[in-house]
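Input: a single structure, listed below in structure tokens.
The values are calculated or read from the model by the stated rules, or taken from the named source; none is laboratory data. Computed from a prediction, not measured in an experiment: that's the story for all the values here. Virtual Cβ from ideal backbone geometry, glycine too; neighbours counted across all protein chains shown.
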Amino acid sequence: MQLSSRKKEILKAVIDLFITTGEPVGSKAVMERLPHPCSSATIRNEMAALEKLELLEQPHTSAGRIPTGRGYRLYVDTLMEDYHLSFEETLLFQTLLSEENPDTDAVLSDMTKLLSRMTGYAVLAIAGERVGTIERFEGVYVSPQSFLLIMITSTGKAFTRQLTLEIPTDPEGVAFIVGILNDHLTKKELGGVTLERMLAMERDMGDYRGITGPIIRIIYEMMEASGRESLTVRGLSSLAAFPEFQEEGVFADLLGALEDEKALLDRFREGDGRSMHVHIGSEEESGLDRTSFVSCPFRLGKTLTGTVCVIGPKRMNYAAAMAKLEYLSKQINAAHGFEPTLPLIETKDE
């Protein structure tokens, strides 16, 4: 979408003012913010044109304008100014990051609490073990009817299950079974263990093909255990202070939507997992239609990966939220060679 410089300046002024005040913005207020002199009548004409382009809307007759989802998208993508962290903000982050706390839950709790305090919005963090690949299988003979199956992943995790056999075996038979598993399944992403690969493995099992089903179930149990995710939430009560959520039932709907952990996990996965992701609004009337999410990936240690997300009203201070998230993510990731790419911006309009 091509806009003149004046339209861009006016759109930016409207959104900056609306983020600050939460009130519809009129031409007089815009005039005082423009870098170049412009009459009130000209500004009103330009705002009307921006409304036709669905970048602004007028909530009530004779009221000022407010941004649409499309307007916010253009603002975040091209118009907003960079936010630079203050010395005090940097110091707070460094204090958190310098603490050697082996308790991952405590680190996530401290991180979300600090971000919520620094942004004034709600903050969520999702973290889970990196699934990795299957490094190798090992087997331990127990009796003619059973053996221990051990799956070791590239993240250093070992999962052990005892298998019961319908036909007698011996140590050589266990070695044969383990060899087939290593031939077909090692060096493969856990999520890439396909049915086709499993069937090929079953064909090569020969007399032991009857245990393929139990082995498949055990492998999927191990996959599920290795990929489990946890959710930490801070600052939800701060959202209640914003006028957007003070209408009857809106805040309750928002809380209900945020309690749907599966939906939240799905929303976080919309990004590419390596870059900042901005999601503005929602097509659902669930309280989320008035919110924006700004999320960024991070890594703690060798195996724990996650996403931290700031949730606020659609008129949130995007520049500040993005700067603080990016700084935190880069500092945490730096020691592990994991750097976010340039921001990925995705917007869903109402």
Quiz item: Scanning the range 213-246 for residues that are buried (at least 18 other Cβ atoms within 10 Å of the Cβ) and under 21 Å from ARG136 (Cα atoms), which turns out modelled with the lowest pLDDT?
Solution: SER226
Quiz item: Are any residues in the range 60-92 of a type in the set (A, V, I, L, M, F, W, C) and exposed (fewer than 14 other Cβ atoms within 10 Å of the Cβ), and if so, which ones?
Solution: ALA63, PHE87, LEU91
Exercise. May I ask you to list pairs of residues, at least six apart or on different chains, whose Cβ atoms are under 6 Å apart, with the first in the range 177-197 being under 23 Å from GLU166 (Cβ atoms) and the second being at pLDDT 70 or above and among the β-branched types (Val, Ile, Thr)?
Key: LEU185/ILE134
Quiz item: So which residues in the range 46-66 are within 10 Å of ILE10 (Cβ to Cβ) and part of a helix (DSSP H, G or I), if there are any at all?
Solution: GLU46, MET47, ALA49, LEU50
Quiz item: Residues of the range 127-146 being at pLDDT 80 or above and either out of contact with any strand residue (DSSP E or B) (no Cβ under 7 Å at 6 or more places or on another chain) or part of a strand (DSSP E or B) (or both), which ones?
Solution: ILE134, GLU135, ARG136, PHE137, GLU138, GLY139, VAL140, TYR141, VAL142, SER143, PRO144, SER146
Quiz item: What pairs come up if the first residue lies in the range 136-158 and is of a type in the set (Lys, Arg), the second is surrounded by 17 or more Cβ atoms within 10 Å (Cβ to Cβ), and their beta carbons are under 7 Å apart, counting only those six or more places apart or on different chains?
Solution: LYS157/SER226
Quiz item: What are the residues in the range 42-65 that are touching an Asp or Glu at 6+ places or on another chain (Cβ under 9 Å) and at positive phi, if any?
Solution: GLU54
Practice problem: Among the candidates ASP16, ASP110, single out the residue that is closer than 27 Å to LEU325 by Cβ and in the same structural domain as THR307 (by TED's automatic domain parsing). | Solution: ASP110
